[in-house]
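Everything on this sheet refers to the single structure shown next.
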Amino acid sequence: MAVREELPAAGVRAELDSRNEKLGYRIREAQLQKVPYMLVVGAREQEEGTIAVRRRVGEDLGALAVPAFLERVDALVAARGTDL
């Protein structure tokens, strides 16, 4: 199942930015829009079955499996954390 389908199925809102812009530009735009997490899925991530996760504050969380990312989000929501 594609990441874009897995996230909404788990109750996580997701949007795809498929514009023909450089990755850095799209990440900066998402930061300005205050998107809490940016997930990058390139050829390497597709091959490995992972996602590259970045936080709005610029922290790179590295490669995670989708279920691990969903567990992290669920834990933050359950704790009503503001550290998105």
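The values are calculated or read from the model by the stated rules, or taken from the named source; none is laboratory data. Being a predicted model, the structure only gives us computed values, none of them experimental. Cβ placement follows ideal geometry from the backbone for every residue including glycine, while neighbour counts extend to all protein chains displayed. Ligands, DNA and RNA are stripped out before the accessible areas are found, and what is left, the full protein with its side chains, is counted by its heavy atoms. Shrake-Rupley method; radii C 1.70, N 1.55, O 1.52, S 1.80 Å.
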Just to be sure I understand the filter: pairs with C-beta atoms under 7 Å, separated by 6 or more residues or on different chains, first member in segment 18-37 and in contact (Cβ under 8 Å) with a residue 60 or more places away in the chain, second member part of a helix (DSSP H, G or I) and open to solvent by less than 50 Å² (accessible area, probe 1.4 Å). Which pairs pass? none
Do any helices (runs of 4 or more DSSP H) entirely within segment 7-84 hold 1 or more residues that are loosely packed, with under 13 Cβ neighbours inside 10 Å and of a type in the set (S, T, N, Q), and if so, which? 43-48
Out of the residues in segment 29-79 that are among the basic types (K, R) and under 14 Å from the mean Cα position of the chain (by Cα), which is nearest to G11 (Cα to Cα)? R72
